[in-house]
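Notes to accompany the following structure.
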Amino acid sequence: MTRRFRNIVILTGAGLSAESGLGAFRGQGGLWVDFKIEEVATPAAFALNPSRVHDFYNLRRSRMAEARPNAAHLALARLEAECPANVLTVTQNIDALHEAGGTKNLIHMHGELAKALCANCRTSVRWWEDLFVETACGACGEAGGMRPDVVWFGEMPRELERIYDALSSCDLFVSIGTSGSVYPAAGFVAEASAAGAHTVELNLEASEGADLFLERIEGRATEIVPAFVRRLLGTYA
Ligand code: APR
């Protein structure tokens, strides 16, 4: 890799935050092994049993509050700050570790756990406390509709237009710590390839779409991401 890329899109998933102590979704010890998606992460689940959904996200929010960005988050923030190229980071993660690590040009396509959304008036506010069915919205005063400002299964991911615009003009696409099993994110590599971009997967193991990437590096994010960023920055020296 000796090209000097000008427009870089980075897609991240749960594997990036795994070494910060926040579990991934699939595979051994994954959240979707212990919890059923349809019971905690869909609009229907919230309508049927909001307390169960709040319990699930309250636990995850309190774990997030204790987590710190790891070497991979910090390396990506360094890339954004030091690389002469445009760098856009698109994360599927709802934790706040990218921004804690210093990344600024960031899209949370699956929403943010550190925000609460009122289903009644659609106001979204920073939220680090637990949420309950009785929690009233500070804007409209209505109780019962406060929910984590995250994208559930069956809901539309955020800022897709901006993401597809960036993919259609990128010359490097890097996917990090994601199993490639949830669309539309799993389809981003094909978009970037169609735009002629170089594509790289950095993951613990081959993802479901691994064959779609031109280059693959396997290992732990805290090791392979800083090494990759050093190599990439080296091409501009
Ligand atoms: N370093 C690098 N990769 C890792 C590490 C690590 N330390 N630990 C795990 N991985 C890899 C796993 O091998 C797996 O391929 O990260 C990937 C995580 O995959 P998932 O758990 O499926 O997470 P993700 O791809 O982000 O899930 C996508 O699914 O449930 C929804 O909305 C949720 O945003 C999430 C989406």
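The values are calculated or read from the model by the stated rules, or taken from the named source; none is laboratory data. Predicted model, so just to flag it, every value in this text is computed and none were measured. Note that each Cβ is placed from the backbone with ideal geometry, even for glycine, and that neighbours are counted across all protein chains shown. Heavy atoms of the whole protein, side chains included, go into the accessibility calculation; ligands, DNA and RNA do not. Shrake-Rupley method; radii C 1.70, N 1.55, O 1.52, S 1.80 Å.
For segment 98-118, the set of residues classified as open to solvent by 50 Å² or more (accessible area, probe 1.4 Å) and in a loop (DSSP other than H, G, I, E, B) consists of Lys104, Asn105, listed by residue number.
Looking only at segment 101-116, decide whether some residue is in contact with a Cys (Cβ under 9 Å, 6 or more places away or on another chain) and under 30 Å from Val33 (Cα atoms). Spell out how you get there, then give the answer.
Of the residues in segment 101-116, the ones in contact with a Cys (Cβ under 9 Å, 6 or more places away or on another chain) are 116.
This time we only want the ones that are under 30 Å from Val33 (Cα atoms), so: 116.
Yes; the residues of segment 101-116 include at least one that is in contact with a Cys (Cβ under 9 Å, 6 or more places away or on another chain) and under 30 Å from Val33 (Cα atoms).
Remark: pairs (first residue in segment 134-161, in contact (Cβ under 8 Å) with a residue 60 or more places away in the chain and closer than 12 Å to Leu117 by Cβ; second residue open to solvent by 30 Å² or more (accessible area, probe 1.4 Å) and away from the ligand (no atom under 16 Å from the Cβ); Cβ separation under 8 Å; 6+ apart in sequence or on different chains) = Arg147/Pro50; Arg147/Ala119; Pro148/Trp127. Screening Ala18, Ala24 for residues that are closer than 19 Å to Val150 by Cβ, within 16 Å of the ligand (Cβ to nearest atom) and in a helix (DSSP H, G or I) leaves exactly one candidate, Ala18.
Note on segment 208-222: among residues that are touching a residue at least 24 places away in the same chain (Cβ under 8 Å) and not hydrophobic (A, V, I, L, M, F, W, C), the one that is nearest to the ligand (Cβ to nearest atom) is Arg220. Among the helices (runs of 4 or more DSSP H) confined to segment 120-237, the ones with at least 2 residues that are touching an Asp or Glu at 6+ places or on another chain (Cβ under 7 Å) are located at 160-168, 221-234.
Going by what's in this entry, would Glu215 be described as closer than 22 Å to Val87 by Cα and surrounded by fewer than 17 Cβ atoms within 10 Å (Cβ to Cβ)? Yes, satisfied.
For segment 124-133, the count of residues that are open to solvent by 10 Å² or more (accessible area, probe 1.4 Å), within 29 Å of Ser175 (Cα to Cα) and within 14 Å of the ligand (Cβ to nearest atom) is zero.
Return yes when Arg78 is among the basic types (Lys, Arg) and farther than 30 Å from Asn49 by Cα and no when it is not. So Arg78 passes the test.
Of all the numbered requirements in (1) touching a residue at least 24 places away in the same chain (Cβ under 8 Å); (2) part of a helix (DSSP H, G or I); (3) touching a helix residue (DSSP H, G or I) at 6+ places or on another chain (Cβ under 9 Å); (4) not hydroxyl-bearing (Ser, Thr, Tyr), Glu39 misses one, and that requirement is (1).
Can you find a residue in segment 161-175 that is open to solvent by 40 Å² or more (accessible area, probe 1.4 Å), in contact with a Leu (Cβ under 7 Å, 6 or more places away or on another chain) and aliphatic (A, V, I, L, M)? Let's see the steps before the verdict.
Of segment 161-175, the ones open to solvent by 40 Å² or more (accessible area, probe 1.4 Å) are 161-162, 164-165, 168-169.
Of the ones still in play, those that are also in contact with a Leu (Cβ under 7 Å, 6 or more places away or on another chain) are none.
No, there is no match, as no residue in segment 161-175 is open to solvent by 40 Å² or more (accessible area, probe 1.4 Å), in contact with a Leu (Cβ under 7 Å, 6 or more places away or on another chain) and aliphatic (A, V, I, L, M).
Is it true that some residue in segment 23-34 is at pLDDT 95 or above, surrounded by fewer than 17 Cβ atoms within 10 Å (Cβ to Cβ) and under 18 Å from Ile94 (Cα atoms)? No, segment 23-34 contains no residue that is at pLDDT 95 or above, surrounded by fewer than 17 Cβ atoms within 10 Å (Cβ to Cβ) and under 18 Å from Ile94 (Cα atoms).
Is it the case that some residue within segment 108-117 is among the small types (Gly, Ala, Ser), free of Cβ contacts under 8 Å to residues at least 40 places away in the same chain and closer than 30 Å to Arg231 by Cβ?
Applying the first criterion (among the small types (Gly, Ala, Ser)) to segment 108-117 yields 111, 114, 116.
Next, from what is left, pick out any that are free of Cβ contacts under 8 Å to residues at least 40 places away in the same chain: 116.
From what's left, closer than 30 Å to Arg231 by Cβ: none.
No, the conditions are met nowhere in segment 108-117.
Restricting to segment 134-152, and then to whatever is open to solvent by less than 30 Å² (accessible area, probe 1.4 Å) and touching a Ser or Thr at 6+ places or on another chain (Cβ under 6 Å), can you tell me which residue is nearest to the ligand (Cβ to nearest atom)?
Of the residues in segment 134-152, the ones open to solvent by less than 30 Å² (accessible area, probe 1.4 Å) are 135, 137, 145-152.
Now restrict to residues that are touching a Ser or Thr at 6+ places or on another chain (Cβ under 6 Å): 146, 149, 152.
Numbers: Met146: 20, Asp149: 13, Trp152: 8 Å.
Within segment 134-152, the match that is nearest to the ligand (Cβ to nearest atom) is Trp152.
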